[in-house]
Amino acid sequence: MNRAAWLQSLSYVAVAILSVGAALLISLQFIGGSRAQTSDATVPPDATATSEQGEVPAGDVVEEGQKAMTDLEGFLEPFIYDMVNRRDPFKAYSEYDPEDSSAPLRPMSPAQRFDLEQLQLVGIMWDVKDPRAMFLDPDKEVLILGRDEGIGNRNGYIAAIREGEVVVVEAARRRGEIIYKTRVLRIER
């Protein structure tokens, strides 16, 4: 090890020792002045305590302890909750009341507002990368849908788009089981 590296290592050690010493001195300022807690029963009535002014009778120490105890007792008094004109704190803040269990749990697209019987297949763009189907809704609006998009108000989706037809799969829950119903929609000529 050359002299420069040795001096550099020595300076790192010196800085570390100084930092730890300074931290110790600072922490000693905060630690000082703490007293042990004693109960009134442990101080005999004829005992004396020493202070900077000399000996002090133990009664003065007990009176100081009694003052601290009365402050503590006031803090520990039982709290009595008066329920007059206040709500019960153990009741739920708001009661959940579902309006309709058949209501959809997610936002619906325009194609999912109507029953599948109400939608009319009017055109198919099938010879492209992403085939599309065109439906006419009861409001005479044209809806253009692709594969895997939702259709109908019975949890249906478009499973396949072929030349001249669209395959729709609808899911329904009956007695805890999910039943899938496949329907093929053809262009009316």
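Read-outs: derived from the displayed coordinates by stated rules, not from any lab. Because the structure is predicted, anything quoted here is derived from the model rather than measured. Every residue, glycine among them, receives a Cβ derived from its backbone with ideal geometry; neighbour counts consider all protein chains shown.
Applying 1/(1 + (r/R0)^6) with R0 = 25 Å to the Cβ-Cβ distance of residue 172 and residue 149 gives a FRET efficiency near 0.85. For residue 170, the shell of other residues with beta-carbons less than 9 Å away shows a net charge of +3, using +1 for Lys and Arg and -1 for Asp and Glu.
The GluC sites (Glu not before Pro) of the range 154-189 that DSSP puts in a loop, and whose beta carbon has at most 14 other beta carbons within 10 Å, are 163, 188.
The string of couplings for the range 151-156 from the Karplus curve (6.51, -1.76, 1.60, θ = phi - 60°) is 8, x, 8, 10, 6, x Hz, one whole number per residue in order, with x for Gly and Pro.
Computed from phi, the 3J(HN,Hα) profile of the range 122-138 under the Karplus parametrisation 6.51, -1.76, 1.60 (θ = phi - 60°) reads 10, x, 9, 9, 10, 9, 9, 4, 10, x, 10, 10, 10, 10, 10, 8, x Hz, with x in place of Gly and Pro.
Which FRET efficiency value, to the nearest 0.05, is calculated for residue 2 and residue 29 with the Förster distance at 45 angstrom and r the Cβ-Cβ distance? Working shown, then result.
Values: r = 42 Å, r/R0 = 0.93.
The pair residue 2/residue 29 has a calculated efficiency of 0.60.
Summing +1 for each Lys or Arg and -1 for each Asp or Glu among the other residues whose beta-carbon sits under 9 angstrom from that of residue 154 gives -1.
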